[in-house]
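One structure below.
The values are calculated or read from the model by the stated rules, or taken from the named source; none is laboratory data. Keep in mind the model is a prediction, meaning the values are calculated, not measured. With ideal geometry, Cβ positions are generated from the backbone for all residues, glycine too; neighbour counts draw on all protein chains shown. Note: areas computed on protein heavy atoms with side chains; ligands, DNA, RNA excluded. Shrake-Rupley method; radii C 1.70, N 1.55, O 1.52, S 1.80 Å.
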Amino acid sequence: MALANIAINLASVGSNFPSSIDKLKNSSIKAQIYLRVSRNSLVKAVQSSSVESDTGKWARKRRPQNVDGDFFVDHTCIDCDTCRWMAPQVFTRVAEMSAVYKQPTYSEDRLKALQALLSCPTSSIRTEVPPPDILEAQKTFPIPVDEKKLPGVYHCGYHSEKSYGAASFTEKLAKEIETMGGVRYLFLTHKDDVADHAKWATRFSCDRILHLEDVEICTADVEMKLEGNGPWSLGDDIMLVHAPGHTEGTVCLLYKPLKILFTGDHLIMTEFGLSIAEMYNKYSVPKQVDSVQKLIQFDFDWIIPGHGRRIEFKDVQEKNTILEAFVREKYKQYSSSCK
């Protein structure tokens, strides 16, 4: 989180997911809270293959699951979901990877597809013909998350494979951020997915913040190390909330003026619903569930995770209802598994 006159989340910030709350409310809210994602019948369900080039390296190959046309996803996709939430009118999920199900026909759709291309952490999105408008698309970063509801909050793009989609450092992006006021603090929610934190810190001479329990060799020189259970305040507007579980030192950031909770990997929104991504847990799943319950007491209407989609609640009551149901089902799931 870089803060000057603006607030920028340097881990990837989610994009709009239409009617997500309505679909959460209408679901049965089981252990996973499911969202429906439309599929397009034009997607070709053909098995993909890859080819070895003369140099012995695997050549990138257009996935046959893509529809015909200029934009396509190749076989190096890691299924990080970035393109699917950035440009859902173009990309979908087929056979555990992304694919183009509809070629962009309008200028707005094309821009979103190019933004997704630039943000893909593995450069798996390509075009048959070099796009003449790629430089214009580059200039749109960082992208406002919601100019009316969340002024000063941006999606930086340029996701990194090194941290499964967190923002990487690029000078083009840094120059744009510099014109917007620069960076005072760089908030690291947890020890993994820190991507190019050192490059950002060097470029802007900003103070990095990380919990002491998550400090490793690569973050040993972080300027501000949080100790204990918190919460901690950063001025009047920011509260840092200890949320152990995904890692021992995971911390969420609550930006009070806009009622946003930046959750890192603690609580995320996938295309299938709310998740604590148990398979990637590095400390304790039960403690992570406890920490989700702990968040219910705080006043926020938005969740913006380090990966993937964001969620907007109608009000605090709706937020509490959904999170309480999620926690209740998780407790039931893990108490049953212990029997």
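General remarks:
- Residue separation of Asp315 and Ile78 scaled by 0.36 nm, minus their Cα-Cα distance, works out to 81.8 nm of gained length.
- Peptides 283-291, 198-206 ordered by packing proxy, namely the average of other Cβ atoms within 10 Å per residue, highest first: 283-291, 198-206.
- Under Karplus coefficients 6.51, -1.76 and 1.60, residue-wise ³J(HN,Hα) of the range 60-73 in Hz, glycine/proline x: 5, 10, 4, 5, x, 6, 6, 6, 5, x, 5, 7, 7, 10
- Residues in the range 294-307 carry Karplus couplings, in order, of 4, 5, 4, 5, 8, 8, 8, 10, 10, 10, 10, x, x, 10 Hz; the curve used is 6.51 cos²θ - 1.76 cosθ + 1.60 with θ = phi - 60°, and Gly or Pro positions show x.
- Size of charge dipole - the range 138-246 - debye, nearest 20, with Cβ of Lys, Arg +1 and Asp, Glu -1, no other charges: 400 debye
- Virtual spin-label span in nm between Lys256 and Met180, 7 Å along Cα→Cβ: 2.4 nm
- Centre-to-centre, using Cα atoms only, the range 285-300 and the range 198-244 are separated by 20 Å.
- Peptides 222-229, 115-122, 322-329, ordered by how many other C-beta atoms sit within 10 Å of their residues on average, highest first, read 115-122, 322-329, 222-229.
- Karplus-derived HN-Hα couplings along the range 175-191 (A = 6.51, B = -1.76, C = 1.60, θ = phi - 60°), whole Hz, x at Gly and Pro: 5, 5, 5, 4, 5, 8, x, x, 10, 9, 10, 10, 8, 9, 5, 6, 6
- The order of the peptides 169-181, 242-254 by mean Cβ neighbours within 10 Å, most packed first, is 242-254, 169-181.
- Distance between the pseudo-spin-label points of Val67 and Ser233 (7 Å out from Cα toward the beta carbon): 5.4 nm.
- Computed over the range 136-267, the convex hull of the alpha-carbon atoms projects to a mean area of 8.2 nm².
- For the range 194-339, the carbon plus sulfur part of the accessible surface works out to 52%, probe radius 1.4 Å.
- Residue-span extension gain [Phe298 to Ile217] - 0.36 nm each, minus C-alpha spacing: 25.9 nm
- Computed over Cα pairs, the Kirkwood radius of the range 188-339 leads via Stokes-Einstein (1.002 mPa s, 20 °C) to a diffusion coefficient of 134 µm² per second.
- Pairs exceeding a 21 Å alpha-carbon distance, out of Lys148/Lys259; Lys149/Lys172; Lys149/Lys259; Lys149/Lys319; Lys191/Lys282: Lys149/Lys172.
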